[in-house]
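Below: the structure, in structure tokens.
The values are calculated or read from the model by the stated rules, or taken from the named source; none is laboratory data. In this text the structure is predicted, and so the values were computed from the model without any measurement. Glycine also receives a Cβ, built like all others from the backbone with ideal geometry; neighbour counts cover every protein chain displayed. Heads up: the accessible areas ignore ligands, DNA and RNA and are worked out on the full protein's heavy atoms, side chains in. Shrake-Rupley method; radii C 1.70, N 1.55, O 1.52, S 1.80 Å.
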Amino acid sequence: MFCSSARRVVVGVLAAGILAGADALAQTPLTLADAMRRARTTTAAARALAAADNEAAERVRQARAGFLPRVDVTESVQRGDQPVYVFSSLLSQRRFTAANFAIDALNHPSPVTNARTGVMVEQSLYDGGLTRLAVKGAEISRDIVAATSAGAQQDLALGSARAFVRVLQLESAARASQAAVEAAESDLARARARRDVGLVTDADVLDVEVHLADMRQRALGTTADLAVARIQLNEIIGAPLDEVVTIVAPGAPPAFPSVEALIGEALSSRPDHREADLRTTLAANARGTAQAAFFPRVGLQGGWEFNGQRFTEQRASWIVGAQVQINLFRGFGDAARAAEARHAELRAQAEREGVDRAIEVGVRAAAARLDAARARERVGQAALMQARESQRIVRDRYDGGLATIGDVLRAASAVLEVESRATAAQMDVIVQAVELDRAAGRL
């Protein structure tokens, strides 16, 4: 009998261990770096950014097509007795005879079928640099899209970092809430024990019971907030919404160089700085395009035709030519477009200066916020130690009859509040460090 019971206990322990191990394996560890990487690469937003980059690259190929000849092939079949059509079709088919000059035949020809195959080739020789400028503009636009995508990817990484830290903060709050519930249960047991020996009244017990109920409600609310935050994190990093991830708390952020060094780094690596430079270059390219309208254009055309009553009976003919087009006057519209392009270039230059100033302001502000967050973290940890020590002293005084239950409850609430602020300050350090990385263009 004893051996059977012992075997059941051993089997139960082993089964519990196996299930716990399975749960641990089912959970996916997630670091802050992993969360930012997944947000940049595996989400729908990241795929949309990659598609935008590919779109811009294809537009460059479209612009380069202007350097190559254009070849069109036309197949057509027509039948009719319209005099001009019959006359030209017979000539194209090389079947025109002296009898076709008869007045009656010219005015009232018999219906003719013409099966035509045409090949047309056009090649631009000189267009004032328009094609070259179009290719350059497409390349600049492609680089602008790449810079915009890089900035958007950094924003995705920053958003994932905030969601990651939110989960981390709520996990800490959930632990603190559970600890507060356990402390309230301990205080309730202490109050009941003192009531049973006549040292306090039922009012003390009721006060602690109310406090315990409040702590349990707070713990339930924190648990619900944590579940929502986990779903939001999974959505931001592109994971299945029901995937269980184990948040791996990051270490302390590394020390950053001086603010001036960070500003120099940002001005050399920030995507929006590069985008502003490229937009200035694009504006200059647009000015060149506007000025190219004043130059002549030269092109070649060549055509081959095959005409006959049937596609199998066609006769060949060809024609080649050249064309020069000179812009003499278009109502001053070209001059207005050139002036517009000059002003657009000046605007782009001014906007680039504004972007550089905004980058410097952003770096300085992010550095200041990180310094403030670190100071709040130090103060918060010190205050938490003091609050816990004060709670211990108040409990000892209550056990000795030197403090009231109100003092105990106020000390417990103070610990929970101070711990919440200390955790928020600690999490803010992580977020502000990522914010500074984003401001410096490091993400």
Original post:
By the gyration tensor of its Cα atoms, with a ≥ b ≥ c the square roots of the eigenvalues, what is the shape of segment 316-370: rounded for a/c under 1.5, prolate for a/b over b/c, or oblate?
Top reply: oblate
**OP:** Please find the FRET efficiency linking residue 402 to residue 228, where r is the Cβ-Cβ separation and R0 is fixed at 35 Å, and quote it to the nearest 0.05.
**Re:** 0.20
Original post:
Roughly how many Å² of residue 295 are accessible to a 1.4 Å probe, to the nearest 10?
Top reply: 100
Original post:
residue 441's amide H: which non-local residues (gap 5+, or another chain) put their own amide H closer than 5 Å, with H modeled 1.01 Å from N in plane and none for Pro or chain starts?
Top reply: none
Original post:
From the phi of every residue in segment 288-298, what ³J(HN,Hα) in whole Hz does the Karplus formula 6.51 cos²θ - 1.76 cosθ + 1.60 yield, where θ is phi - 60° and glycine or proline is x?
Top reply: x, 5, 5, 6, 5, 5, 7, 8, x, 10, 10
**OP:** Using only protein heavy atoms and a 1.4 Å probe, report how much of residue 343 is accessible, in Å² to the nearest 10.
**Re:** 120
**OP:** Return the long-range amide H neighbours of residue 314 (sequence gap of 5 or more, or a different chain), with a cut-off of under 5 Å between placed amide H atoms.
**Re:** none
Subject >> Centre separation in Å (Cα based) which lies between segment 241-284 and segment 371-443 >> reply: 31
**OP:** Count neighbours as other Cβ atoms within 10 Å of each site's Cβ, and list the GluC sites (Glu not before Pro) in segment 209-295 that are DSSP loop with at most 15 such neighbours.
**Re:** 243
Original post:
Can you give the FRET efficiency for residue 206 and residue 34, using 1/(1 + (r/R0)^6), R0 = 56 Å, r = Cβ-Cβ distance, to the nearest 0.05?
Top reply: 0.70
**OP:** Determine ³J(HN,Hα), in whole Hz, for all residues of segment 153-169 in sequence, where each value follows from phi through the Karplus function 6.51 cos²θ - 1.76 cosθ + 1.60 and θ = phi - 60°; x replaces Gly and Pro.
**Re:** 5, 5, 5, 4, 5, 5, x, 5, 5, 5, 5, 4, 5, 4, 5, 4, 5
Original post:
Under a 1.4 angstrom probe, counting protein chains only, how are 70, 438 ranked by accessible area, largest first?
Top reply: 70, 438
Original post:
What is the calculated FRET efficiency for residue 47 to residue 343, with r their C-beta to C-beta distance and R₀ = 56 Å, to the nearest 0.05?
Top reply: 0.90
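Can you tell me the length gained on complete extension of the stretch residue 82 to residue 235, counting 0.36 nm per residue apart and subtracting the Cα distance? Don't skip to the end; give the middle numbers.
Working: separation 153, 0.36 × 153 = 55.08 nm, distance 6.96 nm.
Extending this stretch completely gives an extra 48.1 nm.
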**OP:** Multiply the residue gap between residue 216 and residue 62 by 0.36 nm, knock off their C-alpha separation, and tell me the result in nm, one decimal place.
**Re:** 48.9 nm
Original post:
Hey, can you rank 219-226, 428-435 by average C-beta count inside 10 Å, highest first?
Top reply: 428-435, 219-226
**OP:** Determine the shape class of segment 233-339: with a ≥ b ≥ c the square roots of the Cα gyration tensor eigenvalues, call it rounded for a/c under 1.5, and otherwise prolate if a/b is greater than b/c, oblate otherwise.
**Re:** oblate
Subject >> Long-range HN-HN contacts of residue 309 with modeled amide H, under 5 Å >> reply: 115
**OP:** Just grab the label-to-label distance for residue 261 and residue 103, each label 7 Å out from Cα along the Cβ direction, in nm (one decimal).
**Re:** 10.3
**OP:** Tabulate in residue order the Karplus-calculated ³J(HN,Hα) for segment 208-216, using 6.51 cos²θ - 1.76 cosθ + 1.60 with θ = phi - 60°, rounded to whole Hz; enter x for Gly and Pro.
**Re:** 5, 5, 4, 4, 4, 4, 5, 5, 5
**OP:** Multiply the residue separation of residue 252 and residue 332 by 0.36 nm, subtract the distance between their alpha-carbon atoms, and state the gained length in nm to one decimal.
**Re:** 22.3 nm
